[in-house]
Every structure is written in C-alpha cells, then in structure tokens.
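The values are calculated or read from the model by the stated rules, or taken from the named source; none is laboratory data. Given the structure is predicted, the values throughout are model-derived calculations rather than measurements. Neighbour counts are summed over all protein chains in view; Cβ atoms, including those assigned to glycine, are modelled from backbone coordinates with ideal geometry.
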Amino acid sequence: MSFSFDNSYARDLEGLYVPWKAAEVPAPKLIRLNHALAEELGLEAKALDSSEGAQIFSGNKLPEGAVTIAQAYAGHQFGGFSPQLGDGRALLLGEVIDKQGKRRDIAFKGSGRTPFSRGGDGKAALGPVLREYLIGEAMFALGIPTTRALAAVTTGEFVRRERNLPGAVLTRVAASHIRVGTFQFAAARGDEALLAKLANYVIDRHYPEIKGADKPYFGLLRALCERQAALIARWMNVGFIHGVMNTDNMTLSGETIDYGPCAFMDRYDPKTVFSSIDEYGRYAYVNQPPIANWNLARFAEALLPLLIAESGGEQDKAVEQAMEILGDFQSVYEQHWLTGMRGKLGLTREEEGDLELAQEFLAGMEGQGVDFTLAFRRLADAAEAADASREGWLRQLYADDKKLDAWLPRWRARINAEGLDPAQRAQAMRSVNPLYIPRNHKVEEALDAAVELGNYEPFERLLAVLQQPFSDKPERAAYAEPATAEASAGYRTFCGT
Ligand code: AMP
Ligand code: MG
C-alpha cells in the first residue's frame with residue numbers, strides 16, 4: 001500500500017522532531033475506517049478497510065513513503081511553562097496532498113513511547129480514541145475547523161490505567177500539527193534561525209496570503225489571532241468546551257485539536273467545567289475567549305525576536321505593536337460570535353442592538369436549567385409563526401418562563417420587521433442550530449459498550465446521528481434529549497490518555 005506522501009515538515013524543519021518508530025502491537029483490528037475522509041485524501045478506502053488496513057493503522061506495517069517522526073513542542077499547561085513536551089504518544093507519518101490540493105498531516109495517536117514520553121506509556125486506551133473519533137466528526141459535521149479521525153484500531157493488548165483497558169490507536173488527519181507550543185519550543189532554545197524557519201514554513205503552509213508582506217511576522221500574529229477568534233466563536237456558538245486549552249493544544253492552522261476532556265455544555269451555565277483536573281475552572285466555557293487571547297500572547301512572546309527584527313531592532317516598538325494586535329482579539333472574536341448568534345436567532349440583517357439581544361437571551365437562560373442546544377432549536381419552532389402561538393415548547397425549557405416575557409416580544413418585533421416568511425426563517429435557523437450534539441450520556445454509553453462488551457453498535461449509531469446534526473429524524477429523538485439534571489451535574493471528563 002502506498003500513500004503519496006510529501007513530507008515537508010521532516011524535510012524543512014530539522015531540530016523540531018526526532019525520527020522514531022511506532023511500537024509493534026500484537027493483534028491489530030480495524031474498528032472503523034473513515035471512508036469519506038480516505039477518499040478525500042486520495043487513498044484506496046476499500047483496500048484499506050481490511051486486515052492490511054489494520055496493520056497499517058496500528059503502525060505495524062507502514063505504507064511506503066511514510067517517515068515517522070515525533071514532533072517536538074513546548075507549552076504552557078494550566079499556566080505553567082514546560083520547555084519540552086512533544087509527541088509522547090503520537091507520531092507523524094507524513095503529509096499527503098488531498099483531492100482539493102490541500103496538504104494534510106496523517107498521524108498516529110497511541111503508537112508507543114517516544115523520547116518525549118516522560119513518565120507515560122505512549123499508549124492510548126480505546127475509550128479516549130473513540131471519544132476523539134466521535135467528537136471530531138461531530139465538530140466537522142457542524143462545520144467547525146477540526147482535525148479528523150481517519151481510522152481507529154484496537155491493538156490486542158491492554159494498557160494499564162486505573163485498571164487494564166483495551167489499547168487502541170487513532171489515525172488523525174490535520175491541516176498540520178504545528179502548535180503555539182512548537183514556536184515556544186524553538187523560542188525557549190533561543191534558536192532564532194529555527195524560529196524564523198518555522199515561522200516561514202507556517203506562513204507558506206497556512207497563510208500564503210501574507211507571504212511577501214511588508215512585515216510578515218506581525219502579519220502571522222494578526223492572522224493567527226483572527227483565525228483563533230473565529231474558531232473560539234464557533235465553539236461558543238455550539239456550547240463546546242475544549243477542556244484543556246494549553247498552548248500545546250492550540251494549532252497554527254486554526255483547527256480544533258486534541259479532544260481529551262472536552263464536552264458539550266447541556267444546561268446553560270457560563271461557568272461550566274467538565275474536566276476533572278480543571279480544579280479552578282481555568283478552561284470553563286466562559287473563559288475560552290480570554291484564555292485563547294492569553295495563549296496568543298504567549299505566541300507573541302515566542303515570536304518576539306522576529307517581531308523585534310521587523311521593528312528595526314526596537315523592542316519597545318515591537319511589544320507595543322504586538323500588544324495592539326492582541327488587544328484587537330476581543331472585538332474580532334465578538335464580531336464572529338455575533339455573526340454566529342444572528343444566524344442562531346434567525347436575524348438576517350445586521351442592526352444596532354443585536355449584541356444586547358443575543359446576550360440577553362443567554363442571560364435569561366442562566367439558572368433556569370435550560371438546555372443550550374434545545375433552546376435555539378425551540379426558538380426556531382417559535383419562529384414558525386409570526387405571532388406567539390408556537391412559543392410554548394421553548395417556554396417549557398425554563399424553570400421560570402417569565403424570564404422570556406420581556407425578551408420574546410423584543411425578538412419577535414425585530415424579526416417581524418425583516419419581513420421574511422416565518423417558515424423560511426425557521427428553516428434557516430434549523431440549518432445553523434444543531435438538534436444532535438454529542439450528548440455526554442450518549443457518548444459514555446457508546447464508549448462503555450465498546451470497551452466493556454466489544455459492542456460497537458452504539459458507537460456506530462451515535463456517529464451516524466452526529467454526522468447529520470441539523471436534520472430532524474423522529475427515530476433519532478432519544479439522541480436529542482439532554483441527560484437528567486442529576487446525571488449531568490455529576491458529569492466529569494478525563495484527559496485522553
Ligand atoms: P495532552 O494533555 O493530551 O495535550 O498531552 C500533553 C502531553 O502529555 C503531550 O506531550 C503528550 O504527548 C503527553 N502524553 C499524554 N498522554 C501520554 C501517554 N500515555 N504517554 C506518553 N505521553 C503522553
Ligand atoms: Mg495535546
């Protein structure tokens with residue numbers, strides 16, 4: 001089997017990786033191949049959906065042209081800096097140019113120890129692998145930039161966690177795996193030449209439009225701020241909580257990466273945290289935009305030597321200009337967020353007061369036990385009629401629906417003034433407000449069946465539902481339901497090791 005690899009990272013960025021081999025595993029079994037994605041990459045999906053595919057996606061038998069490397073990176077984890085993290089349980093196989101001409105990384109997760117493993121075993125357990133598969137594909141179907149799962153295999157060995165669990169390997173596809181932490185790695189070594197090489201590589205690969213600009217490194221900082229602002233706005237619009245927004249988990253491409261303790265918010269509460277290790281709520285739902293801004297400040301710091309060079313050697317000038325760019329993050333983010341919210345609320349025109357209207361809808365949900373996802377779906381139901389006759393379903397979500405008494409008439413006056421056909425507006429709202437998100441209890445149910453019983457049916461069914469998040473299918477009603485308040489209150493997620 002050969003993939004048409006073209007491994008530019010290995011070729012161009014010596015010093016930012018070590019060549020390394022995947023561990024051999026005893027009895028690989030292919031659980032799932034992502035046919036659509038394989039086709040997109042120009043791979044022979046049918047041929048790969050086989051025992052040979054299992055050998056390939058476990059790392060036992062590499063496709064021709066693969067040059068497996070462990071990438072080096074650093075990172076701030078929960079605010080503390082580690083100068084060396086790196087791929088401790090991952091390997092990059094190489095890059096392929098997909099059918100649209102886009103360069104994509106193909107990488108393993110769970111392929112054994114590397115020089116960056118520190119205390120870890122380099123392995124992945126089946127549960128977290130399936131979780132990353134599900135949530136990544138859900139995000140993709142929601143139209144949110146994300147890395148994706150190409151394949152999942154079980155290895156035939158157990159990995160030791162709090163107990164023995166079936167081992168697995170995920171094959172992941174990404175625009176690249178370059179992180180803010182990759183820049184921090186070069187910067188922490190004081191290697192300005194390497195830093196410049198990395199920055200130029202990223203501009204070539206992800207931001208070709210700023211190549212040849214007057215100050216390309218400032219351009220890179222601004223472009224990343226914009227891409228991340230857009231990404232985080234999308235997360236916030238669907239209630240996604242990443243859970244571990246360390247700088248090593250923030251990509252230069254603007255894709256969501258590293259689905260560990262992530263989860264979707266059910267009842268609306270800005271302070272929602274699911275991750276068991278996020279004791280102080282650093283990565284709570286509401287903190288995601290400011291944390292992204294904080295991470296981008298760490299990126300600017302890493303980039304500083306290059307920014308100083310672009311400022312004629314004047315550090316103060318460089319810092320001032322970088323601060324200005326970072327200072328714009330909040331307003332750029334807010335614009336993206338508001339654009340998303342306009343769609344969610346069914347507003348087709350931009351008007352003054354839209355931001356307040358959106359914020360007040362959310363404020364009204366607080367403390368009411370209102371399911372965030374269903375609220376917008378039922379608002380679409382309410383939009384079906386020009387009057388208040390279809391508002392009952394939405395009101396039912398609120399512990400005290402008087403919270404809606406002031407807001408709904410304002411919203412209605414605002415949409416009616418646009419003069420669009422109600423049915424058309426409701427349809428437009430349903431096309432941006434998902435009905436099916438990866439409900440935490442459904443994800444756990446799917447993972448449990450796979451891990452405890454080797455039963456992949458719940459996983460397959462859930463995946464099929466998540467691939468069509470917007471279209472209402474009566475037989476899928478159970479997938480739209482939130483968990484009970486008790487189940488939801490106690491829900492905790494864990495880092496995906
Ligand atoms: P994460 O929290 O998944 O972003 O991972 C943070 C760091 O821990 C990365 O450098 C990972 O490679 C490393 N890591 C996580 N799990 C393992 C493991 N089981 N074995 C070795 N390294 C790991
Ligand atoms: Mg990570």
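Out of 263, 284, report the one residue that is under 12 Å from the mean Cα position of the chain (by Cα), aliphatic (A, V, I, L, M) and at pLDDT 95 or above.
Numbers: 284 fails: under 12 Å from the mean Cα position of the chain (by Cα).
Just a single option satisfies the conditions, and that option is 263.
Do you know which residues across the range 459-474 are under 24 Å from residue 34 (Cβ atoms) and over 23 Å from the mean Cα position of the chain (by Cα)? Let's see the steps before the verdict.
Going residue by residue through the range 459-474, those that are under 24 Å from residue 34 (Cβ atoms) are 459-471, 473.
Result: 473, single match.
For the range 379-393, does any single residue satisfy the condition of being at pLDDT 95 or above and in contact with a Gly (Cβ under 6 Å, 6 or more places away or on another chain)?
Within the range 379-393, one or more residues are at pLDDT 95 or above and in contact with a Gly (Cβ under 6 Å, 6 or more places away or on another chain).
Can you tell me which residues in the range 1-21 are among the hydrophobic types (A, V, I, L, M, F, W, C) and under 18 Å from residue 96 (Cβ atoms)? It would help to see each step written out before you state the result.
Going residue by residue through the range 1-21, those that are among the hydrophobic types (A, V, I, L, M, F, W, C) are 1, 3, 5, 10, 13, 16, 18, 20.
Across the range 1-21, the qualifying residues are 1, 3, 5, 10, 13.
Return the only residue of 198, 142 being at pLDDT 95 or above, in the same structural domain as residue 107 (by TED's automatic domain parsing) and not acidic (Asp, Glu).
Details: 198 fails: in the same structural domain as residue 107 (by TED's automatic domain parsing).
Testing whether each residue is at pLDDT 95 or above, in the same structural domain as residue 107 (by TED's automatic domain parsing) and not acidic (Asp, Glu) leaves just 142.
Select from the range 90-127 the residues that are of a type in the set (S, T, N, Q) and within 16 Å of ligand 2 (Cβ to nearest atom) and write down the one among them that is surrounded by the most Cβ atoms within 10 Å (Cβ to Cβ).
As a first pass, look at the range 90-127 and keep what is of a type in the set (S, T, N, Q): 100, 111, 114, 117.
Within this subset, residues satisfying the condition of being within 16 Å of ligand 2 (Cβ to nearest atom) are 111, 114, 117.
Values: 111: 29, 114: 26, 117: 16.
Per the criteria, the residue is 111.
Kindly provide the set of residues from the range 254-282 that are within 30 Å of residue 198 (Cα to Cα) and either within 13 Å of ligand 1 (Cβ to nearest atom) or buried (at least 24 other Cβ atoms within 10 Å of the Cβ) (or both), ordered by number.
Answer for the range 254-282, where residues must be within 30 Å of residue 198 (Cα to Cα) and either within 13 Å of ligand 1 (Cβ to nearest atom) or buried (at least 24 other Cβ atoms within 10 Å of the Cβ) (or both): 256, 257, 258, 259, 260, 261, 262.
Just to be sure I understand, how many residues within the range 407-445 are outside any helix (DSSP H, G or I), touching a residue at least 40 places away in the same chain (Cβ under 8 Å) and under 19 Å from residue 473 (Cα atoms)?
Here is the first cut: in the range 407-445, the residues outside any helix (DSSP H, G or I) are 417-421, 431-439.
With touching a residue at least 40 places away in the same chain (Cβ under 8 Å) added as a condition, the list becomes 418, 420, 432-439.
Narrowing the set further to residues that are under 19 Å from residue 473 (Cα atoms) leaves 432-439.
Qualifying residue count, the range 407-445: 8.
Would you say residue 485 is touching a Lys or Arg at 6+ places or on another chain (Cβ under 8 Å), surrounded by fewer than 12 Cβ atoms within 10 Å (Cβ to Cβ) and either free of Cβ contacts under 8 Å to residues at least 12 places away in the same chain or among the aliphatic types (A, V, I, L, M) (or both)?
Numbers: touching a Lys or Arg at 6+ places or on another chain (Cβ under 8 Å): yes; surrounded by fewer than 12 Cβ atoms within 10 Å (Cβ to Cβ): yes; either free of Cβ contacts under 8 Å to residues at least 12 places away in the same chain or among the aliphatic types (A, V, I, L, M) (or both): yes.
Taking the combined requirement at face value, the residue satisfies it.
Restricting the search to the range 54-89, which residues are small (Gly, Ala, Ser) and away from ligand 2 (no atom under 16 Å from the Cβ)?
Quick first cut of the range 54-89, residues small (Gly, Ala, Ser) only: 54, 58-59, 65-66, 70, 72, 74-75, 79-80, 82, 86, 88.
Hits for the range 54-89 are 54, 58, 59, 65, 66.
Test residue 51 against the criterion of being within 16 Å of ligand 2 (Cβ to nearest atom) and among the hydroxyl-bearing types (Ser, Thr, Tyr), and give yes or no. Give the derivation first.
Values: within 16 Å of ligand 2 (Cβ to nearest atom): no; among the hydroxyl-bearing types (Ser, Thr, Tyr): yes.
No.
If you take the residues in the range 216-249 that are within 16 Å of ligand 1 (Cβ to nearest atom) and part of a loop (DSSP other than H, G, I, E, B), which one is nearest to residue 375 (Cα to Cα)?
Our first condition is that a residue be within 16 Å of ligand 1 (Cβ to nearest atom); within the range 216-249, this holds for 241-249.
Applying the additional criterion that residues be part of a loop (DSSP other than H, G, I, E, B) yields 242-246.
Working: 242: 21, 243: 23, 244: 27, 245: 27, 246: 31 Å.
Here the residue is 242.
In this structure, does residue 493 turn out to be over 26 Å from residue 110 (Cβ atoms) and either touching a residue at least 60 places away in the same chain (Cβ under 8 Å) or more than 16 Å from ligand 2 (Cβ to nearest atom) (or both)? Before you say what the answer is, go through the steps one by one.
Working: over 26 Å from residue 110 (Cβ atoms): no; either touching a residue at least 60 places away in the same chain (Cβ under 8 Å) or more than 16 Å from ligand 2 (Cβ to nearest atom) (or both): yes.
Answer is no for this residue.
Can you find a residue in the range 391-399 that is part of a helix (DSSP H, G or I) and buried (at least 19 other Cβ atoms within 10 Å of the Cβ)?
From the range 391-399, those part of a helix (DSSP H, G or I) are 392-395; that's our starting set.
When the remaining residues are screened for being buried (at least 19 other Cβ atoms within 10 Å of the Cβ), the result is 394.
Checked against the condition, which is being part of a helix (DSSP H, G or I) and buried (at least 19 other Cβ atoms within 10 Å of the Cβ), the range 391-399 yields at least one hit.
Name the pairs whose Cβ atoms lie under 7 Å apart, with the first residue in the range 269-288 and at positive phi, the second of a type in the set (D, E, K, R) and surrounded by fewer than 20 Cβ atoms within 10 Å (Cβ to Cβ), and 6 or more positions between them or separate chains?
Partner pairs satisfying both residue conditions: 281/271.
Report, by residue number, each residue of the range 239-268 that is within 21 Å of residue 188 (Cβ to Cβ) and of a type outside the set (D, E, K, R).
244, 245, 246, 247, 249, 250, 251, 252, 257
Residue-by-condition table, conditions (1) touching an Asp or Glu at 6+ places or on another chain (Cβ under 8 Å); (2) part of a strand (DSSP E or B):
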site	(1), (2)
95	yes, yes
116	yes, no
140	no, no
155	no, yes
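Determine whether residue 160 is assigned by TED's automatic domain parsing to the domain that holds residue 83 and either in contact with a Leu (Cβ under 6 Å, 6 or more places away or on another chain) or more than 30 Å from residue 52 (Cβ to Cβ) (or both).
Numbers: assigned by TED's automatic domain parsing to the domain that holds residue 83: yes; either in contact with a Leu (Cβ under 6 Å, 6 or more places away or on another chain) or more than 30 Å from residue 52 (Cβ to Cβ) (or both): no.
So residue 160 does not fit the description; no.
Which condition breaks for residue 430 when tested against (1) buried (at least 19 other Cβ atoms within 10 Å of the Cβ); (2) touching a Leu at 6+ places or on another chain (Cβ under 8 Å)?
The one condition residue 430 does not meet is (2).
Name every residue in the range 250-289 that is in a strand (DSSP E or B) and aliphatic (A, V, I, L, M), in order of residue number.
Taking the range 250-289 and keeping what is in a strand (DSSP E or B), we get 251, 256, 263-264, 267, 275.
The one that is in a strand (DSSP E or B) and aliphatic (A, V, I, L, M): 263.
May I ask you to verify whether residue 14 is outside any strand (DSSP E or B), closer than 24 Å to residue 195 by Cα and not assigned by TED's automatic domain parsing to the domain that holds residue 298?
So residue 14 passes the test.
Examine the range 208-215 for a residue that is surrounded by 21 or more Cβ atoms within 10 Å (Cβ to Cβ), over 26 Å from residue 84 (Cα atoms) and away from ligand 1 (no atom under 16 Å from the Cβ), and state whether such a residue exists. So that I can check it myself, show each step before the final result.
At the first step, the residues of the range 208-215 found to be surrounded by 21 or more Cβ atoms within 10 Å (Cβ to Cβ) are none.
No, every residue in the range 208-215 fails to be surrounded by 21 or more Cβ atoms within 10 Å (Cβ to Cβ), over 26 Å from residue 84 (Cα atoms) and away from ligand 1 (no atom under 16 Å from the Cβ).
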